[in-house]
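S.K.: Questions regarding the structure given below will be posed in turn.
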Amino acid sequence: MKKVIHIFIVGTGKVGTQFLKLISEKSELKTENGDFIFKIAGIANHSRMLINHKGINPADWKLNLLKTGEPAIIKSFISRMQKTDLTNSIFLDCTDGDEIVKYYDVILRSIPIVTPNKSANSGTYQKYLALKKTVKRFKTDFRYSANVGVGLPSLDVINSLLSGGDRITSIEGLFSSTMNYLLDKLLITNKKFSELLKEAHDKGLTEPDPRNDLNGIDTARKILILAREAGYKIEMSDIEIENLVPPILRNINLLDKFYNSIKIADSKFDSLKKLAVKTKRKLVYSARLRNNKVSVGIEMVDSGHPFYSASSNEKVVLFYSEFYNENPLIIKGQSGGAKATASVLVSDILKTVG
Ligand SMILES: NC(=O)c1ccc[n+]([C@@H]2O[C@H](COP(=O)([O-])OP(=O)(O)OC[C@H]3O[C@@H](n4cnc5c(N)ncnc54)[C@H](OP(=O)(O)O)[C@@H]3O)[C@@H](O)[C@H]2O)c1
């Protein structure tokens, strides 16, 4: 018999839209655990929300939300979702901030959550742990495979090492596609860092405000989540982050002004490039958990290091453990993007109900 999965999705930006597109193209899936039908039972964003037990056509969600939706009140969306008590309900948080996280505890008492949003796992350690306890107590599920290195099974690897009795001693990773691109191009072209940054922005490779790539916070969140999953009690404030935005450019409001002024960072990158070329090393912006300490920043690696051969569109994670103590367990591959994220969400949803 086919199992119907009822999805309540909040957030219809890049990832949410790709997820709805994926479901509109393939609403039925056959897996080794059975046959599944995906039904969108609720949709919400900042402005509108809609709940329909019979299902909302994912190909037509925009018009439906506009015509039959109502002004969004997330608290009421959640309480109505819980009251409808549909079988195999999943709350899918595709929002970008931390506003929805405050409802997780209450949602998880009855309904599993799947999300690409890193906010819950990169907040305080106390809150991170509290959610794990809620999941255990109410026998629900909370899945977030898309939090780190979308498409790379980093969290699965940690779980599998730990459940085999291993202890993870160190993790290193390249998590920022923007930084991979910039540092790669810096070495192989004659362009200045400021020129490359503008170029990456114009190609749509950076965040709308590139300071959100350069400040290292997103990379820090990713290593924080991996470290916590590996059993380390670490807070964001424990992480040493190398912020590549010069201090005087951190509070400039106008992006144009920022781009005109970022040239002041060129000399630093010229020197780094000179040293890397001279010593035949490669520049990377990496995240590391080593000796119980977590740091994020620029590093120079030689040709024997697994980061050396990574291309600019690849993410890499290295795990050292009691078992993998000489040579790391390496996960490497192209990752990221809203489309890839949407398919990781489908996989998490299937694991939750399967
Ligand atoms: N994009 C990627 O490739 C990618 C990859 C991995 C993980 N992620 C993570 O996935 C999440 C979504 O990313 P995205 O790129 O889709 O972001 P996005 O395009 O900025 O979309 C965010 C959506 O969330 C909605 N939203 C935010 N706060 C809300 C609230 N309090 N109540 C209701 N709706 C709210 C926004 O509503 P409005 O449209 O009404 O403002 C918007 O629809 C983020 O946490 C991101 O870090 C993204």
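The values are calculated or read from the model by the stated rules, or taken from the named source; none is laboratory data. Note that the structure is a prediction, hence the values are computed from the model and not measured. Every residue, glycine among them, receives a Cβ derived from its backbone with ideal geometry; neighbour counts consider all protein chains shown. Quick note on the areas: whole protein, heavy atoms, side chains included, nothing else; ligands and nucleic acids left out. Shrake-Rupley method; radii C 1.70, N 1.55, O 1.52, S 1.80 Å.
S.K.: Determine ³J(HN,Hα), in whole Hz, for all residues of segment 156-164 in sequence, where each value follows from phi through the Karplus function 6.51 cos²θ - 1.76 cosθ + 1.60 and θ = phi - 60°; x replaces Gly and Pro.
M.R.: These are the phi-based 3J(HN,Hα) values: 4, 5, 4, 4, 5, 5, 5, 6, x Hz.
S.K.: Just for segment 158-334, what percent of DSSP beta bridges are antiparallel, to the closest 5?
M.R.: Numbers: 24 of 26 bridges.
DSSP beta bridges in segment 158-334 are roughly 90 percent antiparallel.
S.K.: Pop a pseudo-label 7 angstrom from the Cα along the beta-carbon direction at both residue 47 and residue 278 and give the gap in nm to one decimal.
M.R.: Output for this residue pair reads 5.6 nm.
S.K.: Same structure, new question: List the relative contact order of segment 158-334 as a percent without decimals, with contacts defined as Cα pairs under 8 Å and 6+ residues apart.
M.R.: Working: 277 pairs, mean separation 58.8, N = 177.
Result for segment 158-334 is 33 percent.
S.K.: Find the relative contact order for the chain and round it to a whole percent, using C-alpha pairs within less than 8 Å whose residues are 6+ positions apart. Intermediate values should be presented prior to the final figure.
M.R.: Values: 615 pairs, mean separation 67.1, N = 354.
Normalised by residue count, the contact order of the chain is 19 percent.
S.K.: Here's something else I'd like to know. Name the residues of segment 171-192 whose amide N is less than 18 Å from a point 7 angstrom out from the Cα of residue 207 along the C-beta direction?
M.R.: 174-183
S.K.: Still on this model: Specify the angular offset, from 0 to 90 degrees and rounded to the nearest 10, of the alpha carbon long axis of helix 14-25 from the longest principal axis of the alpha carbons in the chain.
M.R.: So the helix axis and the longest Cα principal axis differ by about 50 degrees.
S.K.: If I compute solvent accessible area with a 1.4 Å probe over the protein chains, what percent of it on the chain is carbon and sulfur? Please report the intermediate quantities before stating the final value.
M.R.: Details: 8840 of 17580 Å².
Reported share for carbon and sulfur atoms: 50 percent.
S.K.: Which value, in Å³ per residue, describes the convex hull spanned by the Cα atoms of the chain? Provide the component values of the computation, followed by the final result.
M.R.: Numbers: hull volume 54.2 nm³, N = 354.
Per residue, the Cα convex hull of the chain comes to 153 Å³.
S.K.: Using only Cα atoms and rounding to the nearest 10 degrees, what angle (0 to 90) does helix 74-84 make with the longest principal axis of the chain?
M.R.: Tilt of helix 74-84: around 40 degrees.
S.K.: Ok, one more. Only bridges whose two residues both fall in the chain count here: according to DSSP, what percent of them are antiparallel, nearest 5? Display every interim value, and only then the final one.
M.R.: Working: 34 of 53 bridges.
Around 65 percent of the beta bridges assigned by DSSP in the chain are antiparallel ones.
S.K.: Each label point is 7 Å from the Cα along the Cα-to-Cβ direction; what then is the distance between the points at residue 102 and residue 4, in nm?
M.R.: Rounded to a tenth, the inter-label distance reads 3.4 nm.
S.K.: Using the Cβ atoms and a cut-off under 10 Å, what net charge is assigned to the surroundings of residue 281, where Lys and Arg are +1 and Asp and Glu are -1? Can you show the working numbers first?
M.R.: Numbers: positive: 278, 280, 282; negative: 299, 302.
So the surrounding residues net to +1.
S.K.: Angle, helix 338-353 long axis vs. longest principal axis of the chain, Cα atoms, 0 to 90°, nearest 10?
M.R.: With both axes taken from Cα atoms, the answer is about 50 degrees.
S.K.: Who wins for biggest fluctuation among 108, 186, 66 in a Gaussian network model of the chain, springs between alpha carbons below 10 Å?
M.R.: It is 66.
S.K.: Choose one answer from 235, 32, 207: the residue with the largest mean-square fluctuation in a GNM of the chain with alpha-carbon springs under 10 Å.
M.R.: Evaluated over the chain, the most mobile residue of the options is 32.
S.K.: 7 Å from Cα along Cα→Cβ at both residue 291 and residue 199: what's the point-to-point distance in nm?
M.R.: 3.8
S.K.: Also: What accessible area per residue, rounded to a whole number of Å², is obtained for the chain using a probe radius of 1.4 Å?
M.R.: 50
S.K.: What FRET efficiency, computed as 1/(1 + (r/R0)^6) with R0 = 35 Å and r the Cβ-Cβ distance, is obtained for residue 57 and residue 137, rounded to the nearest 0.05? Provide the component values of the computation, followed by the final result.
M.R.: Working: r = 37 Å, r/R0 = 1.04.
Approximately 0.45, to the nearest 0.05.
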